[in-house]
Amino acid sequence: MTLENQTGTSMTSQPEPSAVARPSPVLAPRRARTLYLLSLRDVVGTGSLAALGRYMAINELHPDLVILAGGSNVHSAWSLLERALDDMPRLWMEPQFNDMSCEEQLDVLRNVPADAREVLVIADGTSIARLAGRLARGVGTARTRGVRQSGVIEIPHGALAIITLALARWDGLAPRIGTMKALVRPEDIRLAG
């Protein structure tokens, strides 16, 4: 599969065979939008990211659009994740995303094309935790137990937060409109023998 990013550079992707034990899928209502938030720091474990990509493919988590914040670790993470996905989403480069205020980050999301139902944001851990805390009104499922502490959502390095949003279009995005359905930590994904 070939994908062209904003700079016109073509990227290719070959799905890898699945090597991840299949956990129960995380399903979102069809009318909702889904936001996947991937928290990164300076160094990214290649095995964990490849496993996360396979987890996403196995559990039918198919972003239509990927927003990449600035930083070489973000682009490295994407190159590992994309190899495992069945469908190639569009890429949106947002180099200043990590330096934006939470409201500016919400404005970026409000400008997501209406046809994108599922969006993956790959950014640094601080940005991801702040954005998740702003959007999620609740985290009351067993798959997210212990995530919210003192009003702050804790998202560990390399974890994928899955937030469903009760809205028909991205331009209607507002604080506390979402529910965190799952938090997939690297240790939650076991490589099959």
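The values are calculated or read from the model by the stated rules, or taken from the named source; none is laboratory data. Given the structure is predicted, the values throughout are model-derived calculations rather than measurements. Every residue, glycine as well, gets a Cβ built from its backbone with ideal geometry; the counts of neighbours run over all protein chains shown.
For the stretch 89-112, filtering for residues that are in a helix (DSSP H, G or I) and under 12 Å from Leu131 (Cα atoms) leaves 10. Does Leu85 satisfy the condition of being at negative phi and either modelled with pLDDT of 75 or more or surrounded by 14 or more Cβ atoms within 10 Å (Cβ to Cβ) (or both)? The answer is yes for Leu85.
Selection of the stretch 113-142 for residues being in a loop (DSSP other than H, G, I, E, B), under 17 Å from Ile153 (Cα atoms) and not small (Gly, Ala, Ser) yields Val139, Thr141.
Taken over the stretch 149-185, the criterion of being at pLDDT below 85 and in contact with a strand residue (DSSP E or B) (Cβ under 8 Å, 6 or more places away or on another chain) is satisfied by Ile153, Glu154, Ile155, Pro156, His157, Gly158. Filtered by the rule that a residue be in a loop (DSSP other than H, G, I, E, B) and modelled with pLDDT under 85, the stretch 48-82 gives Gly70, Gly71. Being modelled with pLDDT under 80 and small (Gly, Ala, Ser) is not true of Ser39. Among residues of the stretch 96-115 that are touching a residue at least 12 places away in the same chain (Cβ under 8 Å), those with a beta-carbon under 8 Å from a residue that is among the basic types (Lys, Arg) at least six positions away or on a different chain give the pairs Cys102/Arg130; Cys102/Arg134; Gln105/Arg130; Leu106/Arg134; Ala114/Arg169.
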